[in-house]
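The values are calculated or read from the model by the stated rules, or taken from the named source; none is laboratory data. These figures come from a predicted structure and were not determined experimentally. FYI the Cβ positions are ideal-geometry reconstructions off the backbone, even for glycines, and counts take in every protein chain you see. Side chains included, ligands, DNA and RNA excluded: accessible areas come from the protein's heavy atoms. Shrake-Rupley method; radii C 1.70, N 1.55, O 1.52, S 1.80 Å.
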Amino acid sequence: MEQPKRVLVVDDDAEVRALLSSVFRQHGLTVDVAGDGREAIDLIVATPYAVIVLDLIMPTVDGFAVLDHLRASDALSPVVIVVTGAEEQIVGRLDPRIVHGVIRKPFDAMELSSIVVACAEIRGRRAFETMAIAAMFAGPPLMAWLSRLQ
């Protein structure tokens, strides 16, 4: 039997971590949480993740440092970035091999969970499988994002 997909939620807001953890668990995912980038990097080194949900702006060590770590390592877990209006100008410069989705705050938890579930199902699959699974789980927005990766 296949193990549940493991997701890492990285956000400095405890309420956001609790909400996302609850929603993702309802979808059958195993969830770890980190309150900042340092804690996230420590978890990423120790555990492979099907998906990482990452806030960019956090105190101490931010989400950009986590992305730098992922880029420098072999840990190529797909990342879904959660942004506010302030970070939107940098979204186009994010590495599409790592960043598989971008959601703006305030977000719809069910929309975000659809994208995360799709990314968890997609990992390690070929392009044609990726597109079919994305269509089932998240529809056109995720498919448009994924088409950039081909």
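Structural remarks
- The set of residues in the range 3-29 that are in contact with a strand residue (DSSP E or B) (Cβ under 6 Å, 6 or more places away or on another chain) and touching a residue at least 40 places away in the same chain (Cβ under 8 Å) comprises Arg6, Val7, Leu8, Val9, Val10, Asp11, Leu20, Phe24, Leu29.
- If only residues of the range 115-133 that are β-branched (Val, Ile, Thr) and modelled with pLDDT of 75 or more are counted, the one that is nearest to the chain's Cα centre (by Cα) is Val116.
- The range 21-76, residues that are of a type in the set (Ser, Thr, Tyr) and either under 15 Å from the mean Cα position of the chain (by Cα) or open to solvent by less than 50 Å² (accessible area, probe 1.4 Å) (or both): Ser21, Thr30, Thr47, Tyr49, Ser73
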